[in-house]
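Engineer: After the structure tokens below, expect a handful of questions from me.
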Amino acid sequence: MESKKKTNIILFSGDYDKAMAAYIIANGAAAYDHEVTIFHTFWGLNALRKDEPIKVKKNFMEMLFGKMMPRGANKMGLSKMNFAGFGPKMIKEIMKKHNAMPLPELIEMAKEQEINLVACQMTVDLLGLKHEEIMDGVEYAGVAAYLGGAEDGNVNLFI
Amino acid sequence: MESKKKTNIILFSGDYDKAMAAYIIANGAAAYDHEVTIFHTFWGLNALRKDEPIKVKKNFMEMLFGKMMPRGANKMGLSKMNFAGFGPKMIKEIMKKHNAMPLPELIEMAKEQEINLVACQMTVDLLGLKHEEIMDGVEYAGVAAYLGGAEDGNVNLFI
Amino acid sequence: MESKKKTNIILFSGDYDKAMAAYIIANGAAAYDHEVTIFHTFWGLNALRKDEPIKVKKNFMEMLFGKMMPRGANKMGLSKMNFAGFGPKMIKEIMKKHNAMPLPELIEMAKEQEINLVACQMTVDLLGLKHEEIMDGVEYAGVAAYLGGAEDGNVNLFI
């Protein structure tokens with residue numbers, strides 16, 4: 001009987017607006033009783049970073065990357081009209097007026113709906129991120145795990 | 001007997017080249033007798049804007065966004081080598097030589113082929129767009145409608 | 001019996017990191033015995049360019065585009081934190097330490113695994129590329145060929 005529909009999203013982008021799109025689709029699919037996975041890779045990993053600085057040992061390169069990348073969903077920029085951070089402020093202001101959920105809440109909702117939040121271990125290593133810096137409840141996996149889920153997925157997207 | 005194949009494209013991007021790719025695939029799929037939907041969200045909505053300014057009531061933020069975003073497909077920029085608008089001019093020049101259809105014609109063709117052009121109502125609101133500014137024949141819907149179509153789609157893409 | 005699973009990736013992006021993601025997924029899928037196609041279009045074509053300059057006849061526009069676009073996978077930039085070419089250097093340095101395969105090797109591996117590398121003829125023409133400039137073993141096709149493969153694909157992605 002295991003006939004649950006499946007949605008598999010690769011979140012590659014580190015942009016606030018694209019991550020929002022990913023999480024809105026994911027939460028929608030979970031509400032429609034899909035089994036949903038978001039596989040975060042490259043810049044998309046930043047959506048899973050804790051927002052406070054965490055004490056971890058890093059080499060010079062890792063420290064550099066760590067400093068330059070946004071610490072968590074709320075600090076991500078827009079893919080268009082970012083205007084050095086002014087764009088995201090505008091969008092968040094407008095979202096509040098329209099009662100649209102900001103990205104950190106969309107991520108919380110995803111957890112509550114038991115969406116599988118996966119981080120690509122290979123790119124975690126490349127970007128010098130440590131597990132302590134990434135929010136709890138995230139699984140670590142690779143392309144094999146992604147394909148295992150996606151090959152009988154109904155909705156597969158790369159965002 | 002309802003065994004028509006389905007193609008569902010989310011057009012998130014506001015870039016001329018990406019929108020062209022979306023509409024070329026969509027028109028191709030329609031020619032192969034797929035049931036095709038393009039779900040426009042975020043910057044992708046600009047492809048559906050009328051190119052002349054329309055008198056509508058807007059608050060300050062909405063006016064600002066409205067002014068900054070391209071008014072219609074023909075005014076969109078390139079994702080690469082845009083060079084402050086020179087890139088699109090070059091590409092259009094070259095397309096003319098190769099008899100490739102420019103984006104506004106691809107959109108016209110999509111309408112003639114009865115491709116479903118859908119605008120995401122949530123992001124229409126966020127970007128402060130009004131229905132009067134958007135071309136006729138567009139439907140307004142949300143993530144539920146998208147998923148309803150995509151979950152038994154053959155070709156699902158996020159562009 | 002022809003029940004091989006299928007992965008079809010459109011590589012539109014000309015970014016090193018996105019192309020890497022495409023080729024990692026493709027190689028993974030091939031290892032899992034999928035029939036895999038990467039359909040290169042627009043800026044994604046640059047991944048297939050030979051890295052040495054090739055003597056070909058071009059008009060002015062074609063020459064201009066040819067000069068401005070990266071000559072081969074190794075010269076592509078990053079979608080984020082490119083810093084005028086410093087970002088790719090950093091990433092490649094880190095990849096070496098982690099024994100991660102650089103993009104040109106991922107492309108070699110794809111050939112060895114008999115992944116179908118397809119170049120979109122229409123965009124080859126638009127960007128003024130000549131077949132002599134593109135690596136051997138690449139097929140040339142259009143949207144019809146793409147759809148023929150993708151409409152019964154298991155994993156379809158637009159990158």
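Coordinate-derived values only; no laboratory data. None of the values given here were measured: they were computed from a predicted structure. A quick note on method: Cβ atoms are made from the backbone with ideal geometry, for glycine too, and the neighbour counts reach across all protein chains shown.
Engineer: Filter the GluC sites (Glu not before Pro) in region B:81-120 to those in DSSP coil with at most 16 other Cβ atoms within 10 Å of their Cβ, and list the result. Each step should come with its number before you reach the end.
Structural biologist: Details: sites: B:Glu93, B:Glu105, B:Glu108, B:Glu112, B:Glu114; in loops: B:Glu114.
Within region B:81-120, the qualifying GluC sites (Glu not before Pro) (loop, at most 16 other Cβ atoms within 10 Å) are B:Glu114.
Engineer: In nm, what does the list of distances from C:Val56 to its counterparts in the other copies look like, shortest first, when each label sits 7 Å along Cα to Cβ?
Structural biologist: 4.4, 4.4
Engineer: Put the label 7 Å from Cα along Cα→Cβ for C:Gly148; what are its distances to the other copies, in nanometres, shortest first?
Structural biologist: Spacings between copies for this position, smallest first, are 3.5, 3.5 nm.
Engineer: Same structure, new question: Once a ≥ b ≥ c are taken as the square roots of the eigenvalues of the Cα gyration tensor of region A:1-75, is the result rounded (a/c under 1.5), prolate (a/b larger than b/c) or oblate (a/b not larger than b/c)?
Structural biologist: prolate
Engineer: Still on this structure, please answer the following. Expressed in whole Å with the largest first, what are the equivalent ellipsoid semi-axes of region B:120-159 derived from the C-alpha gyration tensor as the square root of 5 times each eigenvalue?
Structural biologist: Gyration-tensor ellipsoid for region B:120-159: 23, 11, 9 Å.
Engineer: Further, regarding this structure: Have a look at B:Lys92, B:Lys18, B:Lys55 and tell me which one the Gaussian network model of chain B (Cα, springs below 10 Å) gives the largest fluctuation.
Structural biologist: Fluctuation is largest for B:Lys55.
Engineer: Charges on Cβ only, +1 for Lys and Arg, -1 for Asp and Glu, centred on the Cα centroid of the protein assembly as shown; of B:Leu129, B:Met90, B:Leu117, which one is farthest towards the dipole's positive end?
Structural biologist: B:Met90
Engineer: In peptide B:19-28, what is the residue-averaged number of other protein chain Cβ atoms found within 10 Å of each Cβ?
Structural biologist: 4
Engineer: Here is a follow-up. To the nearest 0.05, how large is the calculated FRET efficiency for B:Asp152 and A:Glu108 if R₀ is 30 Å and r is the Cβ-Cβ distance?
Structural biologist: 0.50
Engineer: With both bridge residues required to lie in chain A, what share of the DSSP beta bridges run antiparallel, to the nearest 5%?
Structural biologist: 5
Engineer: Taking the simple approach of a point 7 Å from Cα along Cα-to-Cβ for both B:Asp136 and B:Met68, what is their distance in nm?
Structural biologist: It is 3.3 nm.
Engineer: Normalized C-alpha radius of gyration of region A:68-107, against 2.2 N^0.38 Å?
Structural biologist: Region A:68-107 yields a ratio of 1.15.
Engineer: Taking the Cα of B:Lys92, stepping 7 Å toward and past its beta carbon, and measuring to each backbone N in region B:39-57: which are under 17 Å?
Structural biologist: Once the point is set 7 Å along Cα→Cβ of B:Lys92, B:46-53 turn out to lie under 17 Å by backbone N, inside region B:39-57.
Engineer: Treating the point 7 Å from Cα along Cα-beta-carbon as the label, what are the nm separations from C:Phe83 to the other copies, to one decimal?
Structural biologist: Taking the point 7 Å beyond Cα along Cα→Cβ, the inter-copy spacings are 2.8, 2.8 nm.
Engineer: So which lysines pass the test for C:Lys75, namely a Cα distance under 17 Å, with those fewer than 8 places away in the same chain ruled out?
Structural biologist: B:Lys80, C:Lys18, C:Lys50, C:Lys67, C:Lys89, C:Lys92, C:Lys96
Engineer: In the calculated pair distance distribution of the protein assembly as shown, what percentage of Cα-Cα distances lie above 38 Å?
Structural biologist: Percent of Cα pairs beyond 38 Å in the protein assembly as shown: 20.
Engineer: Given the -39500 (n - 2.57) contribution per DSSP H run of 4+ residues, what per-residue ellipticity at 222 nm results for chain C, rounded to the nearest 500 deg cm²/dmol?
Structural biologist: -11500 deg cm²/dmol
Engineer: While we're here: Ranked from highest to lowest mean number of other Cβ atoms within 10 Å per residue, what is the order of the peptides B:34-45, A:43-54, B:136-147?
Structural biologist: B:34-45, A:43-54, B:136-147
Engineer: So, one more: What does the charge count near A:Met135 come to, summing +1 for each Lys or Arg and -1 for each Asp or Glu among other residues with Cβ under 13 Å from its Cβ?
Structural biologist: On the way: positive: A:Arg49, A:Lys50, A:Arg71, A:Lys111, A:Lys130; negative: A:Asp51, A:Glu52, A:Glu108, A:Glu132, A:Glu133, A:Asp136, A:Glu139.
Net charge around A:Met135: -2.
Engineer: With +1 on each Lys and Arg Cβ and -1 on each Asp and Glu Cβ, how big is the dipole of region B:16-56 about its Cα centre, in debye rounded to the nearest 20?
Structural biologist: Working: 4 positive and 5 negative charges, 50 e Å.
The dipole of region B:16-56 has a size of about 240 debye.
Engineer: Between region B:104-146 and region A:73-87, what is the separation of their alpha carbon centroids in Å?
Structural biologist: 25
Engineer: OK, next. Using bins 10 angstrom wide from zero, how does P(r) for region C:1-145 break down, in % of all Cα pairs?
Structural biologist: 11, 41, 34, 12, 2, 0
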